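Engineer: Below is a structure I'd like to ask you about.
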């Protein structure tokens, strides 16, 4: 079951705002009239508890909704498909306005803005199940001819430059990662690190990216479910661009304090 927090925020905002507005329009005046007739001090006039709560919480719900729907949204990285750029337990911030302003829940774009660029790390609704958010790196933009074979990306028949950085070894989230080739890849002006299994692969993908869609890959190339398997990401599925790690925390057991693992050096890291 996937919890839709945006829908809940919209509901709470409408509900609290509606209760407050209906009381202000139809009932608050009657209470004041009754107060004057009874010559009661203002502090003795009781506002219904439900209205008091609605009036208090509506501004909070409204501000959080605006921030989360149109400006920035937090996500947590649950898998290793974007290693070494993003690790399991990273909490990231996603810019919601770079690719246009969309209405919450229905996701209709109301204000056009910039377009995704090759190399951007994007959060999007998984095309095969839009309730699930995915995160990958954009490799191909509309019109690109993309090929992937021999562990190399080819963009418009040009191979993406790779520089070998050795063997990648680390331990994170209770998972040891060993014997993977650690490389720096260039997608035009964007340089980033990737991981590949040095063992040969016979797989080959070759596509032309349609208009309004994007070809995405995980940085952990041999451990990522991405466009090589399920196709392109439509523009309407985009949620935003990942730009910062604000926390890294993985607890294999929440109640076992000894299992909590925080990598403090990742806090505030700009995502590239």
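Engineer: Determine whether residue 202 is under 23 Å from residue 89 (Cα atoms), surrounded by fewer than 13 Cβ atoms within 10 Å (Cβ to Cβ) and modelled with pLDDT under 95.
Structural biologist: Details: under 23 Å from residue 89 (Cα atoms): no; surrounded by fewer than 13 Cβ atoms within 10 Å (Cβ to Cβ): yes; modelled with pLDDT under 95: yes.
Here the answer is no, as residue 202 does not meet what is asked.
Engineer: I'd like to check which strands (runs of 3 or more DSSP E) are fully inside the stretch 178-233 and have at least 1 residues that are more than 18 Å from residue 163 (Cα to Cα).
Structural biologist: Once the strands (runs of 3 or more DSSP E) in the stretch 178-233 are filtered for at least 1 residues that are more than 18 Å from residue 163 (Cα to Cα), what remains is 204-208, 213-217.
Engineer: Sticking with this structure for a sec: When you check residue 193 against the structure, is it surrounded by 21 or more Cβ atoms within 10 Å (Cβ to Cβ), touching a strand residue (DSSP E or B) at 6+ places or on another chain (Cβ under 7 Å) and closer than 22 Å to residue 270 by Cβ, yes or no? Steps first, answer last, please.
Structural biologist: Numbers: surrounded by 21 or more Cβ atoms within 10 Å (Cβ to Cβ): no; touching a strand residue (DSSP E or B) at 6+ places or on another chain (Cβ under 7 Å): yes; closer than 22 Å to residue 270 by Cβ: yes.
Against the criterion (surrounded by 21 or more Cβ atoms within 10 Å (Cβ to Cβ), touching a strand residue (DSSP E or B) at 6+ places or on another chain (Cβ under 7 Å) and closer than 22 Å to residue 270 by Cβ), residue 193 does not qualify.
Engineer: Looking at 146, 163, 167, which is the one that is farther than 24 Å from residue 126 by Cα, modelled with pLDDT of 95 or more and in a strand (DSSP E or B)? I'd like the intermediate steps shown before the answer.
Structural biologist: Numbers: 146 fails: farther than 24 Å from residue 126 by Cα; 167 fails: modelled with pLDDT of 95 or more.
Within the list 146, 163, 167, the selection yields 163.
Engineer: On to the next question. Which residue out of 131, 151 is surrounded by fewer than 19 Cβ atoms within 10 Å (Cβ to Cβ), within 14 Å of the chain's Cα centre (by Cα) and over 26 Å from residue 270 (Cα atoms)?
Structural biologist: When all the criteria are applied, what remains is 131.
Engineer: Residue check, residue 54 against (1) in contact with a strand residue (DSSP E or B) (Cβ under 9 Å, 6 or more places away or on another chain); (2) crowded, with 20+ Cβ neighbours inside 10 Å, all met but one. Which one?
Structural biologist: Every condition holds for residue 54 apart from (1).
Table: residues versus (1) outside the structural domain of residue 187 (by TED's automatic domain parsing); (2) outside any strand (DSSP E or B); (3) farther than 17 Å from residue 214 by Cβ.
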| position | (1), (2), (3) |
| --- | --- |
| 94 | no, no, no |
| 106 | no, yes, yes |
| 110 | no, no, yes |
| 117 | no, yes, no |
| 124 | no, no, no |
| 129 | no, yes, yes |
| 135 | no, no, no |
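Engineer: Determine if the stretch 33-51 includes at least one residue that is modelled with pLDDT under 95 and in contact with a strand residue (DSSP E or B) (Cβ under 7 Å, 6 or more places away or on another chain).
Structural biologist: No, because not a single residue in the stretch 33-51 is modelled with pLDDT under 95 and in contact with a strand residue (DSSP E or B) (Cβ under 7 Å, 6 or more places away or on another chain).
Engineer: Those residues that are under 16 Å from residue 271 (Cβ atoms) and modelled with pLDDT under 90, I need them from the stretch 81-116; list them, please.
Structural biologist: Result: 88, 89.
Engineer: Would you check if there is a residue in the stretch 246-264 being modelled with pLDDT of 95 or more and assigned to a loop (DSSP other than H, G, I, E, B)?
Structural biologist: Scanning the stretch 246-264 turns up no residue that is modelled with pLDDT of 95 or more and assigned to a loop (DSSP other than H, G, I, E, B).
Engineer: Could I ask something else about it? Conditions: (1) under 19 Å from residue 195 (Cα atoms); (2) surrounded by fewer than 17 Cβ atoms within 10 Å (Cβ to Cβ). Residue 138 meets all but one. Number of the miss?
Structural biologist: Unmet for residue 138, out of (1) under 19 Å from residue 195 (Cα atoms); (2) surrounded by fewer than 17 Cβ atoms within 10 Å (Cβ to Cβ): (2).
The values are calculated or read from the model by the stated rules, or taken from the named source; none is laboratory data. These figures come from a predicted structure and were not determined experimentally. Cβ atoms come from the backbone with ideal geometry, glycine included; neighbour counts cover every protein chain shown.
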